[in-house]
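The block underneath contains the structure these notes are about, expressed in structure tokens.
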Amino acid sequence: MLEKLPDNYVPLLPEVEAFLAQPVMPYIGGAYVAPYSEQTFGTYDPSSGRQLAQVGRAQKEDVNIAVKTAREAFDAGDWWLRMSPADRSKCIWRLAELIEQHAEVLAQLDSLDNGKPLKTTQTDDIPLSAKHLYYYAGWPTKIEGSTIPVSQHTMFNYTLREPVGVVGLIAPWNYPLLMATWKFAPALAAGNCIILKPAEQTPLSALYVAKLTEEAGFPPGVFNVLPGYGEEAGAALVEHRGVDKIGFTGSVEVARKIVQGSVGNLKRVSLELGGKSPNIVFADADLEQAIVGSTWAIFGNNGQSCTAGSRLYIERKVFDQVIAGMQEEVSRIKVGPGMARQQPDLGPVVSDEQLDRVMGYVHEALDQGAQAVTGGSRLFGELQDGYFLEPTLFTGVTDDLRVSREEIFGPVVCAMPFDDVNEIIDRANDTDFGLAAGLWTTDVRKAHNLARALKAGTIWINTWGNTEAASPFGGYKQSGYGREMGKEALDLYTDVKSVWIKTD
Ligand code: ADP
């Protein structure tokens, strides 16, 4: 159950306390139900290491039940056949409104579970989740086929776009509710029934939202949530032959397992994976803007973003100036518990496992001669119970080190100088990833040329990290396949049927 939290925390809302007071169960067929095994697992506050709640541990049997329930809801037509697209829109819109009404509760749940500052979940994670749903609420009435001018003149041919069916959505822990919403909003707009598996580190907000779907008018069985471990609930969902599609956000290693696990029924798979995004600062940039932007490009969300600008390339003649500016900017960053009354800018990393992983990279880089211009250590003292790290800026590193090539998913950036545009294009693209890339320049020609030359799904110019429901997002190369957001996401959750009618 909920352990006593530190005294310097914002008081918990009564709704949050009530939600965490007893084990939070999987949500299947419109109700919270105990898992078949009756087992639970703990979810913890990474700022203090204290237990927040016990959560039902869904496993294979629960996946079987959820798939059967979702399939019945889909096939019986409760959802798809009976409900008009306009009514589906209304449900999604109402869910967005309910998320806004419960925003404070959801912000506390995500801050507790993930550790990120409450001010961040209040201004970003939760409002953006609602906005995402508002955007997709507009789509059900606009998903349309086309009439095709076939050359066989006695034939009439048109297409229908239909939902894929039962879709499994596997979400990560870095933006718990927002990343889940990126998946379930378009999936529901397209008319699918969903089974969401939140990350085991952060299952609370998705489970809370599950209950809101009932009030929003979703028929039972349309929206199911299975909390549990990746290798158990996640793998069982991926392997289940009754699941028609998996939408996944997470690491490349797990993505490989998902592709392998999905071969049984050749289900559709879309993958939004990691990155090692190059962030390029040209000497002709507005350096003040570039310094602040590059600092937050990596340290925003503690580097726990798939788009983190973790390879920082700075034109040699302004290298020292940019590094000094970033050093100053980092010195102003306050790190502390996400729920602290005195709000920090950054919280802890999500778990002790993640802390060890990140520190492993930091120690290796230091052993190889990297210089930590800022950071390089875990934070102790009054932060010793949580998983707190100093934002770490390395110089004296080269492109070939593990720290400059692998995704760390923590507050660690490698800064390296460059001399010439062609050189930097090659170096920026010399990676297995291709999620995002960015550059800072006032030269419009350079901006457009690099936008084309950089191999990544998103390019940011004189900015970093912008995403919006209306604009497609996804990876080149091993950063994944399929595009979330925008109208492109609807392609992930629909199939196209071609209909031929002989007219003579
Ligand atoms: P991270 O490394 O950032 O924790 P992961 O890729 O491990 O990210 O996890 C992202 C999501 O994938 C989580 O919901 C996790 O439970 C799930 N997951 C992990 N392993 C598997 C697996 N073998 N099959 C299916 N899902 C998994």
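When each of L379, L312 is scored by the number of other beta-carbon atoms lying within 10 Å, the sequence from fewest to most is L379, L312. Within segment 430-504, the GluC sites (Glu not before Pro) that combine a DSSP coil assignment with at most 13 other C-beta atoms in a 10 angstrom radius are E468. Protection proxy ranking for 268-275, 178-185, using the average of other Cβ atoms within 10 Å per residue and placing the highest first: 178-185, 268-275.
Ranked for footprinting exposure by Cβ neighbours inside 10 Å, fewest first, E162, E38 give E38, E162. A dipole drawn for the chain from +1 and -1 charges on Cβ atoms has a positive end, and of I126, M339, C91 the residue lying farthest that way is C91. The Rg/Rh ratio of segment 195-326, with both radii computed over alpha carbons and Rh defined as the Kirkwood radius, is 1.15. The ranking of S351, S205, S377 by Cβ neighbour count inside 10 Å, starting from the fewest, reads S377, S351, S205. Rg/Rh, computed from the Cα trace of the chain with Rh as the Kirkwood radius, has the value 0.99.
Rounded, prolate or oblate, given the Cα gyration tensor of segment 37-174, with a/c below 1.5 counting as rounded? Prolate.
Using just its DSSP H runs of length 4 or more, each adding -39500 (n - 2.57), the chain gives a mean residue ellipticity at 222 nm of -10500 deg cm²/dmol after division by all residues.
Taking every Cα-Cα distance in segment 103-249 and sorting them into 5 Å bins from zero, the calculated P(r) comes out as 2, 10, 17, 20, 17, 12, 8, 5, 3, 3, 2, 1, 0 percent. Here the translational diffusion coefficient of segment 158-227 follows from Stokes-Einstein with Rh set to the Kirkwood radius across Cα pairs; for 10 °C and 1.306 mPa s it amounts to 128 µm²/s.
Think of each Lys and Arg Cβ as +1 and each Asp and Glu Cβ as -1; about the Cα centre, that makes the dipole of segment 351-447 roughly 260 debye. Taking packing as the residue-averaged number of other Cβ atoms within 10 angstrom, the listed peptides 1-7, 278-284 run from highest to lowest as 278-284, 1-7.
Between the Cα long axis of helix 126-137 and the first principal axis of the chain there is an angle of about 40°, rounded to the nearest 10. The ellipsoid that matches the Cα gyration tensor of segment 278-468 has semi-axes, each √(5λ) in whole angstrom, of 27, 17, 16, with the longest given first.
Packing order of peptides 132-142, 237-247, highest average first: 237-247, 132-142 (average count of other Cβ atoms within 10 Å over each peptide's residues).
Excluding same-chain neighbours fewer than eight residues apart, the lysines reachable from K183 by a Cα-Cα span under 19 Å are K90, K131, K142, K197, K211, K245, K267, K487.
Here, each number is a calculation from the coordinates, and none is a lab measurement. Just so it is clear, the model here is predicted, and its values are computed rather than measured. Backbone-built Cβ (ideal geometry, glycine too); neighbour counts: all protein chains shown.
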